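Just so it is clear, none of the values below were taken in a lab; they were calculated from the coordinates. Everything quoted here is computed from the prediction, not taken from an experiment. A quick note on method: Cβ atoms are made from the backbone with ideal geometry, for glycine too, and the neighbour counts reach across all protein chains shown.
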Amino acid sequence: GKLKLRRKRKMKVKRKKRFRKTLTFFRVNFGFEPPYKVIPDGGFIQACSNFKAPLKDSIEGILEGRIFVIMTECMFHDIKNNKKWENMTKLSAKRFKREKCDHGDQTNIGYFECLKRYVGDRNHKRVILANQDPLYRAYFRNIKGTPLFYFQDDQLVLDQPSDFSKEMAQSKNEANQSLSFEAKVITKKLRDLKKEEAE
């Protein structure tokens, strides 16, 4: 019993370290700052209910910062009108802050299509997604700078950065290093010029 408990604690500490490393990656490379904006799907809201994990508190515990849970009108209507979601899931969705859709008209285009347009191809709005659908997650892992939460069994997981996000971060860092080197060269040339003038 004690050994099992020790292993569980060890795993928890390891997970926390990994999540902190992932969060630092997104903060440093993509400018994520609290309060964070989180968009859940119906499956994630229902998983929180099933595992008795309060959505806001659970995510804030991992991010160590305040969050706003948001969704667009399309996303809300999709959850509200979907028969597979329980009433508790629909009631929870009703309480979240509503954002304007990005497609400009009043037509309900469905959860996934609306979310795709809201996030765009670079996630400039810096939203964090909480999603139980593996197909949706696979799509958004290909959008650079998009953190993803999901439940693996009853464990809440912050997904590690995708290769796309890592590549973009690396190219940004290389560009910054190149600029830094150029700046040093220019500064040295200006110093040399000043010395020549002084002489």
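If each residue of separation counts as 0.36 nm, what is the full-extension length gain between Asp154 and Thr107 once their alpha-carbon separation is subtracted? The partial results should precede the final answer.
Values: separation 47, 0.36 × 47 = 16.92 nm, distance 3.59 nm.
Separation in residues times 0.36 nm, less the Cα-Cα distance, equals 13.3 nm.
Consider a paramagnetic label point 7 Å from the Cα of Glu167 along Cα→Cβ; state which residues of segment 90-123 have an amide N under 19 Å from it.
120-123
Looking at segment 57-125, which GluC sites (Glu not before Pro) are in a loop (DSSP not H, G, I, E or B) and have at most 12 other Cβ atoms within 10 Å?
Here the GluC sites (Glu not before Pro) that fit, given the DSSP loop and packing criteria, are Glu64.
Check which residues have an amide H placed less than 5 Å from Phe68's amide H, if you skip close sequence neighbours.
Those lying under 5 Å, H to H, from Phe68 are Tyr36, Lys37, Val38.
Would you compute, from DSSP H runs of 4+ residues alone, the mean residue ellipticity of the chain at 222 nm, taking -39500 (n - 2.57) per run and dividing by the full residue count, rounded to the nearest 500?
Helix-only estimate at 222 nm: -19000 deg cm²/dmol.
Estimate the FRET efficiency between Asn81 and Arg191 by the formula 1/(1 + (r/R0)^6), using the beta-carbon distance for r and 45 Å for R0, to the nearest 0.05.
Numbers: r = 68 Å, r/R0 = 1.51.
Calculated transfer efficiency: 0.10.
Which value, in Å³ per residue, describes the convex hull spanned by the Cα atoms of segment 1-129?
Measuring per residue, one finds 120 Å³ for the Cα hull of segment 1-129.
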